[in-house]
Amino acid sequence: MHKKVVHEKAQRCTRGIRLNVFQCWRAGLAEYLCLTMAGKDVLSHPYLDKVAGEEFLQKAFQIMMEEGVRKGMDVSEKVCDWKEPEQLQQILDLNLTDSGEPPEQLLERCREVIRYSVKTCHPRFFNQLFSGLDPHALAGRLITEMLNTSQYTYEIAPVFVLMEEVVLKQLQKMIGWEGGDGIFCPGGSISNIYAMNVARYHRFPDCKEKGNWGMPRLAAFTSVECHYSIQKGASFLGIGTDNVYLVAVDEKGKMIPADLEKQINRAKSERAVPFFVNATCGTTVLGAFDPLAEVAEVCSRQKVWLHVDAAWGGSALLSRKHRHLLDGINRADSVAWNPHKMLMTGLQCSALLLKDSSGLLQRCHCAKATYLFQTDKFYDMSYDRGDKTIQCGRKVDCLKLWLMWKANGTRGLEQRVDRAFAYTRYLADEIKKREGFQLVQEPEFINLCFWFVPPSLRGKEGSTDYSLRLGK
């Protein structure tokens, strides 16, 4: 092809759409690209050695199965071969070099990474609000990583766009909504922040253009036991943490609806506009569930958006025995729910769910990038969901949950939830039998809070420095 003609074709292509090297090759522009490259022999050799790559992957998978899955779930093995930072830096060669390493050395590095990492699938891993390993969810995660796609348009992720819609609809059904909207987000904190942003947009639709300068002082409300992401969200969105009113809780850590109404009225008297109430189902420490039906009544009277942070406690909705803890959640305007916690779906799997079905989520976050969300595609463009988020590229988080749900069924997941409650009840009863252990309170959820009182403090509960010494 003549150089001038190729150059003109390249200009036309790059004006219309973005092209990478491989797309340019298919478009007949290889000659033009070759001429612009510093070395002509760059394209003479394969980009990857497929045979060696497959062999490495097979051996790496064997290491993952043996070291990560089998040993990682073996109660006789360590949760972590713990080393202090200085020690670990000496053991691991973390430096990046100019030349590559042989496969045998890389495989040994894979073993080291697994050996010195925390095995969150271990039966004795209790540190965070997630644990365990579901093999079907893991398979879904591996497939997701292998396909390496982004969930913004149907053309790049056709299967997962349809799958996400099905999974979100099932979660909405569990809440008690007949329809709605939603999106998978990178964690519960982001889900909560998205909810706050949508609530602000719902109240003041011109906030996208005018920003905080075009709005009155806004006020958000949450309990003193809430997750810290509510404060972070207020800071991130420019609302300000001083405008987050903290509502009192009872002795079990539950929001007091009467104090919520009091705080809303106080904000109004201070010339602020209440726009967002966050109720929590499964607080981080005590595992408390706010009384949603009563909170919803307050929000209805005050005409304020009700968001429920059920990131931790939402999975109780799968249990016919325990879903009463979330009575009234169907009255929420939005809900955050993290299947990666209690259901063992694997990080990350966090759903933001909206009762609204008018496209509010899309209108709030859309930027209508024409190079990605064209209006003249050959399929129904309503399947392009990427403009519902502030992200561009977005990982596929639905496959692991979908595959796990397919394998276990709703009843199987219900048994998983009920089993967690039963374990918690068992542990609470065992603690009561042992000298020196004291329950903070009877568990309502699967959080179990207790003190171990050392012999030196037993019988001294009445002393003035008892709590201080016990805390230390």
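The values are calculated or read from the model by the stated rules, or taken from the named source; none is laboratory data. This one's a predicted model, so the numbers in the text were calculated from it and none came from an experiment. Ideal geometry is used to build each Cβ from the backbone, glycine not excepted, and the neighbour counts take in all protein chains shown. Accessible surface is based on the protein model in full, side chains and every heavy atom, while ligands, DNA and RNA are left aside. Shrake-Rupley method; radii C 1.70, N 1.55, O 1.52, S 1.80 Å.
Counting only the Cα atoms, the range 398-472 fills a convex hull of 131 Å³ per residue.
Where does the Debye-calculated log10 I(q)/I(0) of the chain sit at q = 0.06, 0.07 Å⁻¹, using only Cα point scatterers of equal weight, no solvent? The calculated log intensity ratios at q = 0.06, 0.07 Å⁻¹ are -0.37, -0.50. Calculated accessible area for the chain comes out at 56 Å² per residue, all protein chains present (probe 1.4 Å; ligands, DNA, RNA ignored). The fraction of accessible area contributed by carbon and sulfur in the range 307-349 is 46 percent, rounded to a whole number (1.4 Å probe; ligands and nucleic acids excluded). Take each uninterrupted DSSP H stretch in the chain, measure its Cα extent along the helix axis, and return the ones at 24 Å or beyond whose mean Kyte-Doolittle hydropathy is at least -1.0. The qualifying helices are 158-175, 398-433.
With all protein chains in place and a 1.4 Å probe, the accessible surface of the range 155-234 carries 57 percent carbon and sulfur. Looking at the range 189-267, the GluC sites (Glu not before Pro) that sit in a DSSP loop and have at most 13 other Cβ atoms within 10 Å of their own Cβ are 251. If both residues of a DSSP beta bridge must be in the range 142-285, then about 10% of such bridges are antiparallel. From its DSSP helices (H runs of at least four residues, each -39,500 (n - 2.57)), the chain gives a residue-normalised ellipticity at 222 nm of -12500 deg cm²/dmol. Accessible surface for residue 59 stands near 90 Å², nearest 10, in the context of the full protein assembly shown (1.4 Å probe). Taking the three principal axes of the alpha carbon atoms in the range 94-222, the coordinate ranges are 61, 40, 37 Å, sorted in descending order. Among 456-468, 172-184, sorting by the average number of other beta carbon atoms lying within 10 angstrom of each residue, highest first, gives 172-184, 456-468. Could you please state, rounded to a whole Å, how far the C-alpha centre of the range 84-159 is from the C-alpha centre of the range 318-378? Taking the Cα centre of each part, the range 84-159 and the range 318-378 sit 27 Å apart. Considering only the chain, what is the antiparallel percent among its DSSP beta bridges, to the nearest 5? In the chain, approximately 45 percent of DSSP beta bridges are antiparallel ones. Contact order for the chain, expressed relative to its length and based on alpha carbon pairs under 8 Å spaced 6+ residues apart, stands at 16 percent.
Scanning residues 5 or more positions from residue 350 or on other chains, those with amide H under 5 Å from its amide H are 185, 187, with H placed 1.01 Å from N in the peptide plane. Taking a Cβ cut-off of under 13 Å around residue 183, the surrounding Lys, Arg, Asp and Glu residues balance to a net charge of -2, with basic ones at +1 and acidic ones at -1.
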